[in-house]
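The structure under discussion appears below in the form of structure tokens.
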Amino acid sequence: MNAGQASGWFGWALASAAFAALTAIFAKVGVQRIDSDMATWIRTAVVMGALSVFIAATGKWSDPTAIPARTWTFLVLSGLAAGASWLCYFRALQLGDASQVAPVDKASLLLVLVFAWLFLGERPSLRDGLGMLLVAGGVLVLGLKR
């Protein structure tokens, strides 16, 4: 990875974090008077529509039949995992405070580290491990308050 790629991913990751934070706030308000599963369906439909417009407008559409089966398999699995995550997240937001749910949801950071080590062979550095321990502590402090 060159320096441009290294700095580029960080900006996108920060933008993702900002949008994820807005997702929690908007969803907390949105699930107050509707079943959380129906709210997840609406959210998914909006994502599909917005991405369809974006892909068409930027000329990024490609033939889905040209995509390798392995790629399809893992993208479908990723979609199923995301859907399950969203269902659980919206239910949790319906039952708890956004300021409690969002930090616990970020325990996924720790699981990514473990899963990347187990399944992808990624080896976190000592610094990475220390950072994750701090994240774990933060998740516990923020998520288990009250």
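Brief remarks on what is shown
- Helical segments meeting 20 Å axial Cα length and Kyte-Doolittle -0.5 threshold in the chain (DSSP H): 3-30, 36-58, 69-95, 126-143
- Normalised per residue, the accessible area of the chain is 75 Å², obtained with a 1.4 Å probe and no contribution from ligands, DNA or RNA.
- Each label was represented as a point 7 Å from its Cα along the Cα-to-Cβ direction; for Val141 and Met48 these points are 4.2 nm apart.
- Averaged over residues, the count of other Cβ atoms within 10 Å places the peptides 130-139, 44-53 in the sequence 130-139, 44-53, highest first.
- Reciprocal mean inverse distance between Cα atoms of the chain - Kirkwood radius, Å: 17.9 Å
- Surface share of carbon and sulfur [accessible, 1.4 angstrom probe, percent] for the chain: 74 percent
- The alpha-carbon atoms of region 66-127 define a convex hull whose volume equals 116 cubic angstrom per residue.
- Order by protection proxy (mean Cβ within 10 Å, highest first), peptides 85-95, 57-67: 85-95, 57-67
The values are calculated or read from the model by the stated rules, or taken from the named source; none is laboratory data. Only a predicted model underlies this, so the values are computations on that prediction, with no experimental measurement involved. Cβ atoms come from the backbone with ideal geometry, glycine included; neighbour counts cover every protein chain shown. Surface areas here come from the heavy atoms of the whole protein model, side chains and all, with no ligands, DNA or RNA. Shrake-Rupley method; radii C 1.70, N 1.55, O 1.52, S 1.80 Å.
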